[in-house]
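Let me begin by presenting the structure, written as C-alpha cells, before commenting on it.
Read the figures in this text as sums done on the coordinates, not as results from a lab. Keep in mind the model is a prediction, meaning the values are calculated, not measured. Every residue, glycine as well, gets a Cβ built from its backbone with ideal geometry; the counts of neighbours run over all protein chains shown.
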Amino acid sequence: MQTSAVNSVLDDAAVKQNTNPNIKQWLDDLENASYDADDLLDEIETHALQSRLKAESTKSSKAKRIYVLGLIKGVGEKPSPRPPTTSLTEESEVYGRDADKEAIIKLLLTHDDHEGRNKVSVIPIVGMGGIGKTTLAQSVYNDHAVEKHFNFKSWVCVSEEFDICKVTKTVLCAVTKSHSHSYDDSNLDLLQTTLKEGLTGKKFLIVLDDVWNEDYIDWKKMCTPFNYGAQGCKIIVTTRNEKVADITGTIPTHYHLEHLKDEDCWKLFEKHAFDKIRDSGVCQVLEKIGRGIAKKCNGLPLAAKSLGGLLRSKEDINEWERVLKSKIWDFSYKETKILPALLLSYNYLPSHLKRCFAFCSMFPKDYEFQKHELVLLWMAENLLRQSKRDKRMEDIGDEYFNELVLTSFFQRSSKVSVSSWKSFFVMHDLVHDLARYVSGEYCFTLEDGNSNEKAMRVRHLGVATVVSLQRFGTISESTHLRTLLPLDGYPFCYLFNEVVNNVILKLRCLRVLSLFGCTNLRQLSESIGELKHLRFLNLSETSIKRLPNSVCKLYNLQILNLSRCRELIELPEDMHHLINLRHLDISYCFNLVEMPRQLSKLKSLQTLTYFVVGKDNKTKIGELRELSDLHGELHIRNLQNVPSAEDALEAKLMDKNNLEALRLHWNGNSNDSNHDEEVLKNLLPHTNLKMLYIHGYGGPSFPNWLGDVSFCNTVYIQLGKCKYCKCLPPLGQLPSLKTLYIDGLSGVVTVGAEFYGINGSNSARKAFASLEFLGFRDLAAWEEWCSVGVDDGEIFPKLQELEIVRCDRLRSVDWPVNLPCLTKLQIICPSSGSEVLVSSLPRTPAIRHLDLSKCEQLEVRGLPQTVETISVGGCRGVESLMKALRESQTCSLQSLCINDCSLPISLPTGCLPATLTQLRIHNCEKLEFPMHHDSLKTSLQRLSISKSCGGSLINMVFQLSS
C-alpha cells in the first residue's frame, strides 16, 4: 500500500475512533508499533552512517519512512492546567460584550461597600470555558477610564493550582516593579508584609484570572494584604466555578457571562475566516455556509475564532461544506470536556501539524514557550517533513508554528525574552485539553501529585517539578522514552553524576535529552556515546568541565547546548565528526580557552554562538571560512591572537549574510594598534547585520565600513573599552540605527561633525534619523560636544532617551535646539569635584524623566506639562528649578529629588505641585523646609530629608498616607 493510501485510511480512522472504541484500540496499537519501527529504522541508518564515516565519506542519504505518529488517541481526562493569560487584549474588537463591559466598569468606578465591612470589593465573572471571561476582563482592565481611576493595577493568572505565595509574589513584583527572583517564594510572611507596605493607602485594581480554589480559609489568608489599600479598591475574579464566586464575591450577585448572540459569533468568525478572500461571488456563497458554522459554535468565542482560523482565506466551497456537515458536531462535550469545534479544527489540520500540536501536550501548567526552541524540539523528533524545495528545516518549522498561531492553537503571550527580545506563546486551557486528549498516553508531564504509573508508558516526558531519586528510579523503567525535558524552573537541580550516568544514560531510545540546570553534574559518562538516536542534547547551566570524547559518536546530533557552562574549559577534539550538528550554543562559556580543530567541516552548522581565536598554533579564525550558513549571533573572542590582517580576511564574515548579531572582542592591552586597525578593517561583516558589538579594540580609529550607509539593517551598536580611538565613527548616517551605546572610549576629547557623518557632500541629510537611545559612559577625556550646522529637527528627530554617565571632564554641550521625542534625560557624574557644564537644556516637549547630577551651570527654563520625575543637583540647577516650579501652573510631576546645593533656598508653601507623591532632599544644608502641616497638603506620600536643613535633619523618612 502506498503512503498516500495509508494516510487516507488513517485520516478516516482518526475521525471514526471518536465513536468506535475498536478503531481507537487499533490506532493505539498501530501508533505503538510505529514508534518501535521508527527506532529500528533509525538505528539501521545510524550504523550505515557510521560505516560511511569510517570510510571517510560524509555523504548521507535518508531512507524513506512512513510516519503515523499524529493519530488521534486518548481517553477523557481531568481538564489540563491552563497556560498563563496576560492583561493584553488580543482582539482588536470585543464582539457582543459592550453591555457586559459597561456593567463591569460601572461596578469598578462606583465607590460602594455593599455589606459595610469590606474595604476591597470583589467582582466575580462566571462562565463556562471558552465563553470569553478573560477577554472581557482584559478589555475592562485596559479601558482608559479604569486606567485613570486606579493608582495601581496588576494582572495575575491563577489557574488550577491556587498558590498563595505565587499570587502574592506576582502582585508584589508589579507593585515594586521588580523581578520575581527578588523575593523568596517560600516566605509568605515576608511576601505579605512587603506587599502590605506597597499597597497601603493606594487604590488598586487586581485581576485574578481563572480561579479554581474552593477553600475559603486560603482565600481569606491571601486577601489579608489587600485590606490595607485605600477605600474603593477592586478585585475582579474570573472563574468557571459558581462555588468559587460564592467564596470570593462581595457584590450582591455574581456577573454571569452568557453565550454570544449568533450575529456576534458570526462577526468574530468572519473576522478570522474572511481575512484575505477577495472574490465577492465566493464571499456570498461562503457567508451562508459560514453563518451556519458560526451558529453551531453555540455562542462560544473560542470556537468561532478557532474555526475561523481553520478556514482562513480558503475559497474551496466543498471544504466549508464538509466542516458544516461534519459528524464531529455530535461529539459529546460532557463526556470528554473537549469542544467539538476545537476537535473539528484539529481534524482538519494536515497530519504534520497534528503531530507537532500533540507533542506540545507535554507542556505543564502556565508554560510559556518560544518559537525557536519548540521548532528545534520538533526537528529533533523528526516531526518536520523534508521539503522538496531547498529550504532549511528550521524555516519549515517556522511555517508550521505560524500555521498553528493562525488557527489559534497557539496565542501570543505578553512575556518577552530579556536576552533576545523574542516573544513567548501559550495555549488556551481548552486547546491544552485538546492536546492532552489527542496525544493520549504517549506524552506526559511529571508534576507534584500525579502518578508514576502512567509515566512508564510514555515516549515524551516533561518534568515540571523537582524530581526525587525514587521517582527517577521508576522513570528508568521507561526504556522506550524518546524525550526527557525539564520544564519550569530547575527540576534537576538536585541530581548528581551517579543518577545521570547510571539512570538517564541507560535510556537508549532518547532523541531529546535536556539536563538544563543540573548544577551538580560535573562529569558525563562515556556511555553517552551509546545514545545513537540522540539529536538534541542540552547541558546548559551544568558544572561540567569537559565532554567525553564519545559525544563525537553521536552522529545524529543536531543541537548541542552548553550555554552558561561556566566551568567548561574545552570541547572534544573530534567535534568535526558531528556532521549533522546544526546548532552549537556555547554562549557565556568564558572559561573556554580554545576551539577544537577542523570545525570548518561542520557544513550543516546554523548556529555558533562563540568562537575563541587560538594563540600561536591553536585554532585559527580561518576555521570560520566554510561556515557560510551561520544564523543568529556570533561572538568572536581573543581577536588579539589573530596573527595578521590576511588571517582576519580568511574568516569571510562578509559572506555570512544570515548573521544578525556580531560581537568582536579583544582581551588585554594592544601591543600594536596599527595591527588591530588592519584586523578590524578585514572583519567586514555582511550588510544584513542588525547588531554589532566591538569591545577592547586597540586601534587608533575605526575602519571606514563602520558607519557606511550600506549597513541599512543595523539597529544596534555598542562600542566598549576602545580606549585608543581618538574620535567616534560616522554613525549618524545609518538609516535604521535605534540604539547606540558608547562606553569607555577614553581617548575621545571632542564629539563633532564626524560623529554625525555630515560633510560637504551630504550636509542636507538628517543625522541619526531613527535613533531612539543614545548612551555615553566613562568617556574620561571627553570635554566638548559640538553641534553641527543643520536645520532644527534634522538631528535626533526620534531620540527618546539620552544618558551621559561618568564623563567627568565634559564642560561644553551644544545641544540641538529641539529634541521633540526625548522622554528621558540623564546626566550623572558621581566623581568628586566633577561638574558637567550645561548652559541650558534643549526644548523637550515630551520629557517625562529628568535626572541631572551636580550640574553647576545648568538653568532649567520652565517645565513641560509631561515631566513626571526630576532629580537635580548643584546650586544653579536647584535655584532655577525652584523658579520653574513656582512659574508652572500645572504639571504631572510625581517625584522630586534635590541634592548638593549650598545656597540658602526656601521651599515655600504652594511650591509643591498637587500631583507630587515623593520628595527627597539630600545634602542641602541651608535649605529652609517648612514642616508645618499646611505645606504638605498635596498628594505627598513619602518625604526623605538627609544631611539638610542646617544639619538638624541628618536622616529622616516620613511615610505619609494619601
**Message:** Tell me which of 229, 247, 190 sits at the most positive position along the dipole axis of region 187-315, charges placed on C-beta atoms (Lys, Arg +1; Asp, Glu -1).
**Reply:** 229
**Asked** Stretch residue 163-residue 189 to full length: gain in nm at 0.36 nm per residue minus the Cα-Cα span?
**Response** 8.0 nm
**Prompt:** Quick one: net charge of residue 663's neighbours, Cβ under 10 Å, K/R +1, D/E -1?
**Reply:** 0
**Prompt:** Where the Cα atoms of region 193-299 are projected onto their three principal axes, how long is each span, largest first, in whole Å?
**Reply:** 65, 27, 20
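Please arrange 212, 782 by counting, for each residue, the other beta carbons lying within 10 Å of its beta carbon, fewest first. Before the final figure, lay out each step's value.
On the way: 212 17, 782 23.
Least crowded to most crowded, the residues run 212, 782.
Could you give the length gained by full extension between residue 713 and residue 508, i.e. 0.36 nm per residue of separation minus their alpha carbon distance, to one decimal place? Present the calculation step by step, with values, prior to reporting the outcome.
Numbers: separation 205, 0.36 × 205 = 73.80 nm, distance 4.57 nm.
Extending this stretch completely gives an extra 69.2 nm.
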**Histogram of C-alpha separations across region 98-256, 5 Å bin width, %** = 2, 9, 20, 23, 22, 16, 7, 1, 0
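What Kirkwood hydrodynamic radius, in Å, does region 701-834 give when the mean of 1/r is taken over all pairs of distinct Cα atoms and then inverted? Before the final figure, lay out the partial values.
Working: mean 1/r = 0.0667 Å⁻¹.
With all distinct Cα pairs of region 701-834 included, I get 15.0 Å.
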**Sites residue 251 and residue 866 - FRET efficiency at Förster radius 51 Å, r taken between beta-carbons, to 0.05** = 0.85
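Between their Cα atoms, which of 203/422; 153/422; 243/271; 101/169 are more than 30 Å away from each other? Mind showing how you got there, number by number?
Working: 203/422 34 Å; 153/422 25 Å; 243/271 35 Å; 101/169 28 Å.
Going by Cα-Cα distance, 203/422; 243/271 fall outside the 30 Å limit.
Listing 741, 255 from the residue with the fewest other Cβ atoms within 10 Å to the one with the most, what is the order? Could you put the intermediate results ahead of the total?
Working: 741 16, 255 21.
Ranked by crowding around the Cβ, least crowded first: 741, 255.
Using the structure shown, select from 196/371; 824/926; 553/681; 288/371; 690/723; 177/261 the pairs with a Cα to Cα distance greater than 32 angstrom. Could you put the intermediate results ahead of the total?
Details: 196/371 38 Å; 824/926 30 Å; 553/681 39 Å; 288/371 36 Å; 690/723 24 Å; 177/261 41 Å.
Table pairs above 32 Å Cα-Cα are 196/371; 553/681; 288/371; 177/261.
How do the peptides 229-238, 296-305 rank, highest first, by the average count of neighbouring beta carbon atoms within 10 Å per residue? Each step should come with its number before you reach the end.
On the way: 229-238: 22.0, 296-305: 24.2.
Output ranking for 229-238, 296-305: 296-305, 229-238.
Within the set of other residues whose C-beta is less than 9 Å from the C-beta of residue 558, count the net charge using Lys and Arg as +1 and Asp and Glu as -1. Before the final figure, lay out each step's value.
Values: positive: 535, 582; negative: none.
Counting the neighbours of residue 558, the net charge comes to +2.
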